[in-house]
Amino acid sequence: MKCDQLSIFLENRAGRLAEVTRLLSEAKVNIRALSLADTSDFGILRLIVSDFETAQKVLKDAGFTVGKTTVVAVVVDDQPGGLHTLLDMLRDASINVEYMYAFVQQSGNNAVIIFRFDRTEQAIELLSGKNIKMIPSEELCKL
Amino acid sequence: MIFDIDKETMPREELEKLQLKRLKQLCEKVYANVPFYTKKFKELGIEPKDIKSLSDLSKLPFTEKQDLRNHYPFGLFAVSRENIVRIHSSSGTTGKATVVGYTKRDIKNWADMMARSFAIAGATPADSIHNAYGYGLFTGGLGVHYGAEALGATIIPMSGGATRRQIMVIKDFGATVLCCTPSYALYLYETGKEMGIDFRELPLKTGIFGAEPWTESMRREIEDKLNIKALDIYGLSEIMGPGVAMECAEAQDGLHIMEDHFLPEIINPETGDPVEPGEVGELVITTLTKEGIPLIRYRTRDLTKLNYTPCRCGRTLARMQRVTGRSDDMLIIRGVNVFPSQIESILVETEGLSPHYLLEIHRDGNLDILTVKVEVAGNTFSDEIKNLQTLERKIQRNIKEFLGVTARIKLVEPKSIERSAGKAKRIIDLRNENQ
Ligand SMILES: [Zn+2]
């Protein structure tokens, strides 16, 4: 149920984000989900891509600092309170969400949210136990 | 083992008496025999009899490397040429070479101080000392050589170069002590690995490393890879050569200065005034016993600090901290002296960073702003903002704590700081641009 996410360290300089998207597009890698967290000086770009290995290689070769983080793609009921119920569950189990962001595409009528947990294994176990759907890595890239 | 127990464990009060006696003799000698000093004393309106206590040292003139160059080759010698038994010279990487001469007694004193140094490192007459310092005009080779003999150890006079042969000799002759530069020690290890020789299996137990700056992390790397104790030795040809100060095996916390022969001071390189006790500044040395070319308050340009607390090895000789840089590179930020090498050592010790950094100083109103740009290291990169911000705060805290100056920390992408083949450009000072 775990997915590999690319994390890229970016200085807040004009054109750095565009440089990443250019490299990926030239390597024919699709960006499936994206989030950018930033401060006044630097940012971290997080990506779920169609081809992790290729993306990692082209970015590294171009001199970017690239990290690999394990995240979980969770299907959330597209109805009021859907996300809230999920977060409550996690809180009760003392699992922290380091960050989360929405997947570009939906899975049927449901939203897909990418989570980074402080305790990934326990989170997967908990969610499986509660019959919450998670999307495996291979499937996620095809969405 | 302590080679010269009287001198090395002398109570401070007694040592200071000896230093003062020798300082007075030195002033008489240079005033009478070295025209350069006669002139300097007269310019300052002082005479040798004005030196009544060690604190009068600050009345004496400084001697700079340039003074030796200006009197090239033998102009600062204090004895006639027939009393000189050996000449050494430092290579002139940044100008004309400096030349020094030794009398018979200077050579004897030097050998004794090097023998002390070996004993400080834990060596005994039973040891075999492999000497990979170059033999020749450079003081490293011969300095180590005669010290090992004075100790009564076995010297293996290998000199530099021919790395594969060095390794065979180290292995076949069973060296227990290695003398070379710290970077050459790592090179020996790498080459040994290629030859299928594991240094960890050899009887080598101690490394005495000097002649170039190194860091604590390099020490750990050498100790780990070669399975030895790595110790720092200090010396410079203008003062004598290796053996001016030596780090003891017991404490591995600073280098014992041969204070009965050399009187150390730490000064602010800008003002020439002594710094507060324990503060970092430029090391200045007065040679108390040298005959060939005695020097008064020689400015080494090396940055360090002194520790007078008694050492667990039993020696009372003051300890100088590992040299952290050159005073030529000093910056003054909001009145605080900052040396790039000090910031470098903080960055090197911090996980998650590469050793590539740049210091930018600009002025905002009347305030100097120091920005430290440092590249994040690819392999330990965290993808959480809060972790990177914690890293920035940690660097900032360490700089504040060790240097007393607040810096802005800016993490930058790898390879974004310009690399140069020669001396890296580490400082951009923009303070005079917008005035
Ligand atoms: Zn000691």
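The values are calculated or read from the model by the stated rules, or taken from the named source; none is laboratory data. Predicted model only: the values in this text are computed from it and were never measured. Note: ideal-geometry Cβ built from the backbone for every residue, glycine included; neighbour counts use all protein chains shown. What goes into the accessible areas is simple: the full protein's heavy atoms, side chains included, and nothing from ligands, DNA or RNA. Shrake-Rupley method; radii C 1.70, N 1.55, O 1.52, S 1.80 Å.
Among the residues examined, A:A62 qualifies as surrounded by 12 or more Cβ atoms within 10 Å (Cβ to Cβ), within 30 Å of A:A27 (Cβ to Cβ) and more than 13 Å from the chain's Cα centre (by Cα). Where strands (runs of 3 or more DSSP E) fall wholly inside the stretch B:301-402, no range has 1 or more residues that are over 22 Å from A:D41 (Cβ atoms), within 14 Å of another protein chain (Cβ to nearest Cβ) and away from the ligand (no atom under 16 Å from the Cβ). Taken over the stretch A:29-45, the criterion of being in contact with a strand residue (DSSP E or B) (Cβ under 6 Å, 6 or more places away or on another chain) and at the interface with chain B (Cβ under 10 Å from one of its Cβ atoms) is satisfied by A:A37, A:D41, A:F42, A:G43, A:I44, A:L45. Inside the stretch B:322-340, can you point out the residues that are open to solvent by 30 Å² or more (accessible area, probe 1.4 Å) and touching a Ser or Thr at 6+ places or on another chain (Cβ under 8 Å)? Answer for the stretch B:322-340, where residues must be open to solvent by 30 Å² or more (accessible area, probe 1.4 Å) and touching a Ser or Thr at 6+ places or on another chain (Cβ under 8 Å): B:R322, B:V323, B:T324, B:R326, B:D329. Would the stretch B:83-106 turn up any residue that is open to solvent by less than 30 Å² (accessible area, probe 1.4 Å), closer than 24 Å to B:K205 by Cβ and not in a strand (DSSP E or B)? No. Taken as a whole, the structure leaves B:R22 outside the set of residues that are at pLDDT below 95 and either surrounded by 14 or more Cβ atoms within 10 Å (Cβ to Cβ) or part of a loop (DSSP other than H, G, I, E, B) (or both). Suppose we filter A:I48, A:I95 for residues that are of a type in the set (V, I, T), touching a Leu at 6+ places or on another chain (Cβ under 7 Å), within 14 Å of chain B (Cβ to nearest Cβ) and open to solvent by less than 60 Å² (accessible area, probe 1.4 Å); which single one remains? From the options A:I48, A:I95, the qualifying one is A:I48. Applying the criterion of being more than 9 Å from the ligand (Cβ to nearest atom) and over 16 Å from the mean Cα position of the chain (by Cα) to the residues of the stretch B:244-268, the residue that is farthest from the other protein chains (Cβ to nearest Cβ) is B:D260.
The number of residues in the stretch B:45-67 that are open to solvent by 30 Å² or more (accessible area, probe 1.4 Å), touching a Lys or Arg at 6+ places or on another chain (Cβ under 7 Å) and part of a loop (DSSP other than H, G, I, E, B) comes to 2.
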